[in-house]
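Before any comments, here is the structure.
Each value in this text was obtained by applying a stated rule to the coordinates, not by laboratory testing. The model shown is predicted, which means the values in this text are computed figures rather than measured ones. Don't worry about glycine lacking a Cβ; one is built from the backbone with ideal geometry, like all the others, and counts go over all protein chains shown.
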Ligand code: BDR
Ligand code: CA
């Protein structure tokens, strides 16, 4: 298992983002310095509100910084995947934030300042589109020299996409941002559909994470039942993929993954827009996860979360 890491989570909560945050908080070797939000599964207002709400529900004190409300080229979103995550991004449950509020600094400024305060030490775990990080690189290209690593959930190297035949949701959400990040020379680990579709959670698994009838069990049960019903209706599967938590699993214990080194690029034009192209090479500073021990990962999730929330 890797040693202790200073982590910033960039996220668009999002039902699977919520599950990832729960897991991250339970991993003793991951020190969560801050959470930056990004539009994606819902609007930036909803995603930021959801992040604040989840922090309160999970007992997380890390500050939350509101991120971009549009792509790095300035393009505004046309719609959100409410058919997966609900209109508010969190299965349309009641999201009431008791007291926590977003910081005055925005996500881009926080990314730059935290990297200045901790040069070479911060791992960014990005589980949404890569817009905030691309904005930070555009504002200050030296940011690239101060980030230790980005572990991102997104892309598909060896399998089909989940939005188009070529593209995965986080990458097609802002392909120009992905391209800026891929060209930045920051060491990258891609935790894409190649592995996230291989690990599946079920509703009984989710229910087993918390004591029966506790408020947290009720919260997890409600949001995941909506997520599960999307996969049941659209794919006739009783189990749903573990996207964002797989990036946390890699940060927590990369031994559970098989990876290959190389270089990533992102196609920006034509029908393959948003496709991640991976060219293996021993010297490349990108790694792509190609296999995962799913049983080990689910056990790790269960063990960490159940002991943290006993
Ligand atoms: C990714 O897209 C988002 O909807 C999920 O939260 C995850 O980050 C999966 O393709
Ligand atoms: Ca996400």
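Specify the residue that is farthest from residue 178 (Cα to Cα); the eligible residues are those in the stretch 212-244 that are touching a residue at least 60 places away in the same chain (Cβ under 8 Å) and part of a loop (DSSP other than H, G, I, E, B). Filtering the stretch 212-244 for residues that are touching a residue at least 60 places away in the same chain (Cβ under 8 Å) and part of a loop (DSSP other than H, G, I, E, B), the one farthest from residue 178 (Cα to Cα) comes out as 242.
Filtering the stretch 105-129 down to residues that are free of Cβ contacts under 8 Å to residues at least 60 places away in the same chain and not in a helix (DSSP H, G or I), which residue is nearest to residue 168 (Cα to Cα)? Here the residue is 106.
For the residues 132, 170, the requirement of being within 16 Å of ligand 1 (Cβ to nearest atom) and touching a helix residue (DSSP H, G or I) at 6+ places or on another chain (Cβ under 7 Å) singles out 132. Of the residues in the stretch 80-93, at least one is away from ligand 2 (no atom under 14 Å from the Cβ), within 22 Å of residue 230 (Cβ to Cβ), touching a residue at least 12 places away in the same chain (Cβ under 8 Å) and assigned to a helix (DSSP H, G or I). Take the conditions exposed (fewer than 15 other Cβ atoms within 10 Å of the Cβ), more than 17 Å from the chain's Cα centre (by Cα), within 22 Å of residue 303 (Cβ to Cβ) and more than 16 Å from ligand 2 (Cβ to nearest atom) and apply them to residue 229. Does it pass? It is false that residue 229 is exposed (fewer than 15 other Cβ atoms within 10 Å of the Cβ), more than 17 Å from the chain's Cα centre (by Cα), within 22 Å of residue 303 (Cβ to Cβ) and more than 16 Å from ligand 2 (Cβ to nearest atom). Elements of the type strands (runs of 3 or more DSSP E) sitting completely within the stretch 254-294 and holding at least 3 residues that are in contact with a strand residue (DSSP E or B) (Cβ under 7 Å, 6 or more places away or on another chain) and surrounded by 19 or more Cβ atoms within 10 Å (Cβ to Cβ): these cover 257-266, 286-292.
Among residues belonging to the stretch 1-37 that are surrounded by fewer than 24 Cβ atoms within 10 Å (Cβ to Cβ) and assigned to a loop (DSSP other than H, G, I, E, B), point out the one that is nearest to ligand 1 (Cβ to nearest atom). Among them, the one singled out is 27.
Screening 186, 180 for residues that are closer than 27 Å to residue 116 by Cα and either within 14 Å of ligand 1 (Cβ to nearest atom) or part of a loop (DSSP other than H, G, I, E, B) (or both) leaves exactly one candidate, 186.
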